[in-house]
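Below is one structure, written out as structure tokens; comments come after it.
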Amino acid sequence: MTGKKFNTNASNGRARANRARLTHVDAGGRVRMVDVGEKPITRREAVARGSVRMEAATLEAIIGGKLKKGEALAAARLAGIMAAKRTHELIPLCHQIPLEVVEVDFRPNRARSTLEIQSRAVSEARTGVEMEALVAASAAALTIYDMAKAIDRAMVIDAIRLVRKSGGRSGEFVRADESEWS
């Protein structure tokens, strides 16, 4: 075997230091669920976005409600909401939290031939709703793909990301270069 040699003692030391900072890994390196029992209940909100790139004709069929499978935007909105409610079943170590609202919205961008997706999740809880917002955007994007794949299998789901979050000990996060949707 050729290539770079690694100092395993130094690597193990760095790995132990990183595990100490990761909340889902215990001191022994085992994956664990974080104990949030002592955290205060606060209002938490998260917004996530993603997009689906496609052929211009596909975007027009989706926007115009002309897909053989039916109304893609309504199905994707419902899929996003339902998925957010089941995040704890889909993502290991996520806590089940009471969601007060989940919203999923769409914005066509004809110039880029994309359907942009935004999801918002809100809860009064001991832990954040970032994963719920991200899962909602992801499920909505996957549903758009499923609804339109008969006419465009080359669609690309892209840029699933957290745009902002508020509440909790870590405070507010706002991604740079993201504007508010009107």
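The values are calculated or read from the model by the stated rules, or taken from the named source; none is laboratory data. Bear in mind that the values here come from a model prediction, so they are computed numbers and not experimental data. A quick note on method: Cβ atoms are made from the backbone with ideal geometry, for glycine too, and the neighbour counts reach across all protein chains shown. The protein model used for the area step is the full one, side chains on, heavy atoms only, and it has no ligands, DNA or RNA in it. Shrake-Rupley method; radii C 1.70, N 1.55, O 1.52, S 1.80 Å.
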Quiz item: Longest span of the chain, sites excluded, free of trypsin sites (Lys or Arg not before Pro) in DSSP loop with at most 16 other C-beta atoms within 10 Å?
Solution: 113-148
Practice problem: Give, as ranges by residue number, the residues of segment 143-182 whose backbone N falls under 18 Å from the point 7 Å along Cα→Cβ of residue 111. | Solution: 177-182
Quiz prompt | Principal-axis tilt of helix 130-148 within the chain, Cα atoms, nearest 10 degrees | solution = 40
Practice problem: Using just the helices of the chain, give the 222 nm mean residue ellipticity in deg cm²/dmol: DSSP H runs with n ≥ 4 each add -39,500 (n - 2.57), and the total is spread over all residues, rounded to 500. | Solution: -10000 deg cm²/dmol
Quiz item: Roughly how many Å² is the accessible area per residue of the chain, as a whole number, for a 1.4 Å probe?
Solution: 61
Self-check item: Folded to 0 to 90 degrees: helix 8-21 orientation relative to the chain principal axis, Cα
Solution: 70
Practice problem: Exposed loop GluC sites (Glu not before Pro) only (DSSP loop, at most 12 other Cβ atoms within 10 Å): please give the longest stretch of the chain free of them, not including the sites. | Solution: 39-171
Self-check item: Residue with peak Gaussian network fluctuation, the chain [Cα springs, cutoff 10 Å], from 48, 140, 154
Solution: 154
Practice problem: Grab the beta carbon distance between residue 25 and residue 101, set R0 = 35 Å, and tell me the FRET efficiency rounded to 0.05. | Solution: 0.65
